[in-house]
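Working notes for the structure below.
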Amino acid sequence: MNKAYFEILRAGVNTTIQDKGRNHLYHVGIAVSGAIDQRNYTLSNKLVENQLIEPVVEFAYQGPLLKLKNGKINFAISGDILFKIIRKNLEVEEGECYKSYILDEEDQIDIISTKNSTYGYLAVNGGFDLEKSWGSYSINTKANIGPNDGKKYSLDDKIFIKKIDIKSPINKKINFDYSTDNIIRIIKGTNFDYFSKDAIDKLFNEDFLITNLADRMGIRLKGPKLENIKNTNIKSEGLVRGVIQVPADGNPIIMLSDHGTVGGYPKIGVVIAADLDLVGQLTPGTKINFKEVSLEEAQNIFKAYTEDTNKYLNECN
Amino acid sequence: MVKNISNLGDAAVYCDFGSEVNEVINASVIDYFHHISKLIKDKKIEGITNLTPSYNKLIISFDLTITNYKKIKNFIEGLTINRDIKNNNQKIKIPVCCDDEYGLDFLRLIEKLNIDKDKILELYFGKEYFCYMTGFIAGMPFLGDLNENIRCDRLETPRLKMPKGSVGITEQFANIYTFESPGGWNIIGNTPKKIFDDKNLIQPALVNPGDKVSFYQITKEDYLNWNE
């Protein structure tokens, strides 16, 4: 029997495969990668009754147009996404996020765009038929590691699916609350004292704009220039997701999943783990504010965030 | 030895070995790195997701759903590290073409350093370098130390796209951009040699911490005809 697959009729802006990410390779310079919004990645798998660590399709801004070949599947899309299902008989259904659907042979999914967010996730029941590299299915386009030779998908590529010919539909739904206040909570960075008192006041009291220099590596912000009074270079050292570096021009850069593993600009702060999903989803033109929290507060916020994710997962049972 | 341990955000530990950069401090960082890597492999500690050694720091990332800062800090403080005596370090030679189309920042360097291109090249190629670490992008080596007369700060605003193979300098260090990537180093040339091999799962990076590296200049013709 022929394998089921998606034929890519339009690739979209940045369509890749992502999962939890790739660990234990920072020391050779390979970033963690993985879904930018880990919560929505997890929820997409739950909606199609997958193990929560199955790889999914991640897309940004404009998503792909996909046609299903040789099979019948259940799929779901998570995120804040505008999409349509175009049936074989050309009937068009408006798609709803956080809801599982059946897709028949020759049906299409048209992921038109993300709305007030950057990334969305497409999961299929049974998962995609891919090979792991270095312990993960995530595509790292910077080092060309992962499925599809480590490159984002292009027109006419195929994404193979493990399971075909689903008999009955999965009926799952989550009522996801997308509201956000765009306040990003951070812990002081290891070079916090490199910055003037004025810079610190501005960091916590003024608006910062997400520029269009934003991708899976990081987000460049524009705001009041943050004055460095010590040294605008440090000896290159390790970075982690969420680190906020400030180069000599005074504009902060937030590191995301495909970030360089080391960097030589001073670290003014680090976004707390619980706010990383939100930060990754910020769209160019959005204004954000930073708020300082202690390590202990951050750990409590993370606990609450995890419980919140679990609440969504349980709701889906 | 670790001089100070602090938190880098809520999901990483920042181990500071001092502010100086030299081979002795770097060797201590690498010893900790090897020691902890082994303990992770032997499942003696859980929750650590990454170790990032650099000149004089070691950053330990962890999964906040499994462990926390305090547990990892206590673990590090309880370690006894033995000097790693095995030495399988290599000597590596790397070709570089410094024609103006590859040496993107000669104008800036000539202005900032106040010496001419020939002198920069003479000082750059006249030394063997030590590899302190690899990282930033896959397999990028961080080498030192440059002659004092060719030390220059990073670019004020990093480039969005450094060409693959770019050979850069900043402060007392030299590097190689193994992939196209954003970057802030001053570029003096480009190498056609493969510095990172993702098919080699055992040792994907050509240059590893502790190795000695020397560069030699090649013509544009050699560059274009390079064949490994």
Residue that is modelled with the lowest pLDDT [pool: residues in the range A:249-280 that are of a type in the set (S, T, N, Q) and crowded, with 23+ Cβ neighbours inside 10 Å]: A:Thr261
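Condition test on B:Ile36, is it within 10 Å of another protein chain (Cβ to nearest Cβ) and out of contact with any His (no Cβ under 6 Å at 6 or more places or on another chain)?
Numbers: within 10 Å of another protein chain (Cβ to nearest Cβ): no; out of contact with any His (no Cβ under 6 Å at 6 or more places or on another chain): yes.
For B:Ile36, the condition - within 10 Å of another protein chain (Cβ to nearest Cβ) and out of contact with any His (no Cβ under 6 Å at 6 or more places or on another chain) - is not met.
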The range B:194-220, residues that are away from every other protein chain (no Cβ under 14 Å), surrounded by fewer than 18 Cβ atoms within 10 Å (Cβ to Cβ) and assigned to a loop (DSSP other than H, G, I, E, B): B:Thr219
Residue within the range A:203-211 that is free of Cβ contacts under 8 Å to residues at least 60 places away in the same chain and surrounded by 22 or more Cβ atoms within 10 Å (Cβ to Cβ) present: no
The listed residue being among the β-branched types (Val, Ile, Thr), over 30 Å from B:Trp226 (Cβ atoms), surrounded by fewer than 17 Cβ atoms within 10 Å (Cβ to Cβ) and more than 10 Å from every other protein chain (Cβ to nearest Cβ), out of B:Ile25, B:Ile45, B:Ile66, B:Ile5: B:Ile66
Tabulated pairs, the range A:20-38, first more than 10 Å from A:Ser257 (Cα to Cα), second at pLDDT below 95 and assigned to a helix (DSSP H, G or I), C-beta under 9 angstrom, 6+ apart or interchain: A:His24/B:Ser37; A:His27/B:Phe33; A:His27/B:Ser37
Pair list, Cβ under 6 Å, 6 or more apart: the range A:233-256 residue facing another protein chain (nearest Cβ under 8 Å) and touching a residue at least 12 places away in the same chain (Cβ under 8 Å), other residue surrounded by fewer than 22 Cβ atoms within 10 Å (Cβ to Cβ) and polar (S, T, N, Q): A:Ala248/A:Thr232; A:Asp249/B:Thr157
Some residue of the range B:86-103 being free of Cβ contacts under 8 Å to residues at least 60 places away in the same chain and closer than 30 Å to A:His27 by Cβ: yes
In the range A:1-43, residue farthest from A:Met255 (Cα to Cα) [restricted to those that are assigned to a helix (DSSP H, G or I) and under 12 Å from the mean Cα position of the chain (by Cα)]: A:Thr42
Tally, over the range A:200-253, of residues that are closer than 25 Å to B:Asn56 by Cβ and part of a strand (DSSP E or B): 8
Strands (runs of 3 or more DSSP E) fully within the range B:82-171 counting 2 or more residues that are more than 22 Å from A:Pro247 (Cβ to Cβ) and among the charged types (D, E, K, R): B:91-96
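The values are calculated or read from the model by the stated rules, or taken from the named source; none is laboratory data. Predicted model, so just to flag it, every value in this text is computed and none were measured. Here the Cβ is made from the backbone with ideal geometry for all residues, glycine too, and neighbour counts use every protein chain on show.
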